[in-house]
Amino acid sequence: MSYMISELRTAVAATLFLSVVLCGIYPIVVWGLSQGLFPYEANGSLILRNGEVVGSELIAQGFTSSRYFHPRPSAAGETAMTQGTLPAATWALVEEINRCGEGTRRSLPSREPSAAGGPGTADAATVSGSGLDPHIGVRNAQLQAPRVAKARGVSEASVRRLIEIHIEGRDLDIFGEPRVNVLKLNLALDKKM
């Protein structure tokens, strides 16, 4: 019996020690380091306009007006969706790909009328790993340029110049592809046009 009580004391002490370290000290240290080293990112990378928060640089915002560039489809906000599941737009893409025979080359569907009949982009029809990616590919942005220019009553060339200014390169010059942050691009559109 004394052996069992000794083991129980050891288990309780270990649980309490690990709880204090892993649920108290470790989170405080990580929070302190993040606030000291990366305060902008640690606090949500919030973008302010006239002193008001308009969004986060790191999380996609939904834009549906034809006056704005649209982000990738997102599973966020769809009640039946969870991370790792495919939204309706992606299921439609999967069905389209499955209809293609072996060796048949067909273009991906695009949501942009200007691209009808031309090749679309994968990021216009699929969600990112998290479903919250704030970026779109450069080609996707270029395909949306005619719609945005027409809705705003400006030249397509001026919208394309704005896209070029907002292209972000690869991370560390080797990871990922060049991309455009949709929120930053749309804020620049509002400011200049």
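The values are calculated or read from the model by the stated rules, or taken from the named source; none is laboratory data. Every value quoted in this text rests on a predicted model; they were computed, and no experiment measured them. Positions of Cβ are backbone-derived with ideal geometry, glycine not excepted, and every protein chain shown enters the neighbour counts.
Here are some notes:
- All conditions in (1) assigned to a loop (DSSP other than H, G, I, E, B); (2) among the hydroxyl-bearing types (Ser, Thr, Tyr); (3) modelled with pLDDT under 90 hold for Thr90, with the sole exception of (1).
- In the stretch 166-176, the residues that are acidic (Asp, Glu) and either under 22 Å from Arg49 (Cβ atoms) or at pLDDT 90 or above (or both): Glu168
- Candidate set: the stretch 123-162, residues that are β-branched (Val, Ile, Thr) and in a loop (DSSP other than H, G, I, E, B); chosen: the one modelled with the highest pLDDT: Val154
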